[in-house]
Amino acid sequence: MKKRILCFGIAGALLLSGCSQEDAHMETQAAHQATKEESANLHLLDQELEDISAEEWESMHLSETDFDQFLSSLPEKDEKGFQEISEVSMKGTDIRIVLNNTNGDTLDNLLSAPFLDAKVRQAYLQSAYFDGRQPAIQIMDSAGTVLSDTDEPLDLAKP
């Protein structure tokens, strides 16, 4: 008799713990869905890359819609009327950025490519698209010269 009561007690405890884990899983999914749809601290993207601190990057979250809007805003003209980027496209985790010149491997292009890569990559990592894998970012000029093509963060400080 004691064995039956013990078996029923253990079975009941396992059943109840299974239900609570299912509830916790459903709560986690609901929270993840909410963060996919909500953004936090979008105003930080209006700053220059070097002005955004690591803490500010960590506090930022972009919904898929807001990340798409961020990418589509990159080809816009600046206040001087200059358009540095002519095209941005994204397919899955592949992002392609086309600079608005045909200068190839000039110093301007080679200097702007790592900064563009870093800003777009960091925004992607803070977006709802990020699933633990780095995006593949390709930067080229309008003549098709590839300036940067990597799926790893650029290491700007090599000894």
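Structure data summary
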item: Ala54/Thr93 FRET efficiency (R0 22 Å; Cβ-Cβ; nearest 0.05); result: 0.45
item: Protection proxy ranking of 96-104, 82-90 - average other beta-carbon atoms within 10 Å, highest first; result: 96-104, 82-90
item: Solvent-accessible area, 1.4 Å probe, carbon plus sulfur percent, for region 43-93; result: 44
item: Calculated FRET efficiency for the pair Lys77/Thr145, C-beta based, R₀ 30 Å, to 0.05; result: 0.85
item: Translational diffusion coefficient (Stokes-Einstein; Kirkwood radius from C-alpha pairs) of region 38-150 at 10 °C, 1.306 mPa s, in µm²/s; result: 110
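The values are calculated or read from the model by the stated rules, or taken from the named source; none is laboratory data. Values in this document were obtained by computation on a predicted structure and should not be read as measured data. Cβ sites come from the backbone with ideal geometry, for glycine too, and all protein chains shown count toward neighbours. Remember, those area values only see protein heavy atoms, side chains included, never the ligands or the DNA or RNA. Shrake-Rupley method; radii C 1.70, N 1.55, O 1.52, S 1.80 Å.
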